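The values are calculated or read from the model by the stated rules, or taken from the named source; none is laboratory data. All figures in this text were calculated on a predicted structure; none of them were measured in a lab. Here Cβ is always computed from backbone atoms with ideal geometry, including for glycine, and neighbour counts include all displayed protein chains.
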Amino acid sequence: MSTARTVSNLNIEAVPEFRAGVRDSLPVIVGIVPFGLACGIMGVTVGLTPLETVLMSALVFAGAAQFAAITMLGVGPVGWGMIVLTTLLINLRHLLMGASLAPYMSRLPVSVKALLAFGMVDETYALTMDRVRQKGYDAGYQLGSNLSFYVVWVTSTAAGAHLGERIANPLAWGLDFAMPAMFLALLVPRLTDRTGVTVCAIAAVVAVLGALYLPGKWYIIIACLAASVAGGLLEGKNDAQ
Amino acid sequence: MRSEILLIILGMAAATFFTRFACLALFNRSGVPDWLKKWLKHVPTAILASLIAPALLLPGGSLDFSPDNHYLLAGCVTAVTAYKTRSVIATIALGLAVMFALRWFGV
């Protein structure tokens, strides 16, 4: 009963808030279109069918994890367990976002929580938390933001996959460089302090050594764990001083 | 649709949903422990660096520091662009342009 009431309340009272969520998302959404296009093009480039590429965007809805998975598929045969483990690691940051939103969402029914959790990506989380800061939490607002990003992510992936099919030999053009280029654009702004630079250096060295001497794609997981744990320990030491 | 790819996609979907839903389901008013926060904070940097470094340094499967390594050359230009502009679009565009130029003119 209470679940039904909360859901119907969402339907009626949440419409203006839903619209506000969509409206606030629009300027930020423009920024994800190139990523969606790139994701579609790269998926087709490494040999996924357009349907598989779009299905990945529709079910996973996590840009960074999808790019990592596509990179791994592109380098050669790789077990699904390895890709799923990498996805888990890349998305661990969502645990933190979920934890910070949890107190505001504690009264929502589990089904609504699950629906809103599915759409929680970096951008929609940031918008939802900004709304919390200004006027307090609103589930309709969060849904509006989530849905806008979801629709644009899936459509731009489809457009990219369509484009990718039209380019005869994307690898000869060096199009596979789009992936490290994008990762660099995301990595460099994070290197603001000594701990960040150290974490980056450890990850780079361990990853290169691992790629040379370890089988499969274990180097990604091992380098990520080694460097992030080192970062956590360094941070703890700095705090103590 | 190949079943191997479908399995990968479903596994990724489950793993992603887990990370997004777990804390909402587990924590109501309490927060995440401090040690976990400190660790998770560095995961994005670590994962990005561990994906980039082998792509730039081992494009053919073995260490390549020579000027023939287009990935390393274009990667250096891209890193500088990222630092100077802080713009994702400008960084990818210039990086790809340098890569195309290296491929076309065979520098």
Worksheet item: What about A:Phe61, is it more than 19 Å from the chain's Cα centre (by Cα) and modelled with pLDDT of 90 or more?
Response: no
Worksheet item: Which residue pairs have Cβ atoms under 9 Å apart, sit 6 or more places apart or on different chains, and have a first residue in the stretch B:34-48 that is among the basic types (Lys, Arg) and a second that is surrounded by fewer than 20 Cβ atoms within 10 Å (Cβ to Cβ) and outside any helix (DSSP H, G or I)?
Response: B:Lys37/B:Gly31
Worksheet item: Right, A:Leu55: part of a helix (DSSP H, G or I), within 19 Å of the chain's Cα centre (by Cα), closer than 22 Å to A:Lys113 by Cβ and at the interface with another protein chain (Cβ under 7 Å from one of its Cβ atoms) or not?
Response: no
Item to complete: Kindly check whether there is at least one residue in the stretch A:149-158 that is closer than 23 Å to A:Pro27 by Cβ and over 19 Å from the mean Cα position of the chain (by Cα).
Response: no
Item to complete: Looking for whichever is assigned to a helix (DSSP H, G or I) and within 17 Å of the chain's Cα centre (by Cα) here; the options are B:Leu73, B:Leu40, B:Leu36. Which one fits?
Response: B:Leu40
Discussion item. Tell me the residue from A:Val205, A:Val197 that is at pLDDT 85 or above and farther than 26 Å from B:Ile89 by Cβ, please.
Written reply: A:Val205
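Looking for whichever is over 28 Å from B:Trp35 (Cβ atoms) and β-branched (Val, Ile, Thr) here; the options are A:Thr87, A:Thr71. Which one fits? Don't jump to the end; show me each part of the working.
Values: A:Thr87 fails: over 28 Å from B:Trp35 (Cβ atoms).
Within the list A:Thr87, A:Thr71, the selection yields A:Thr71.
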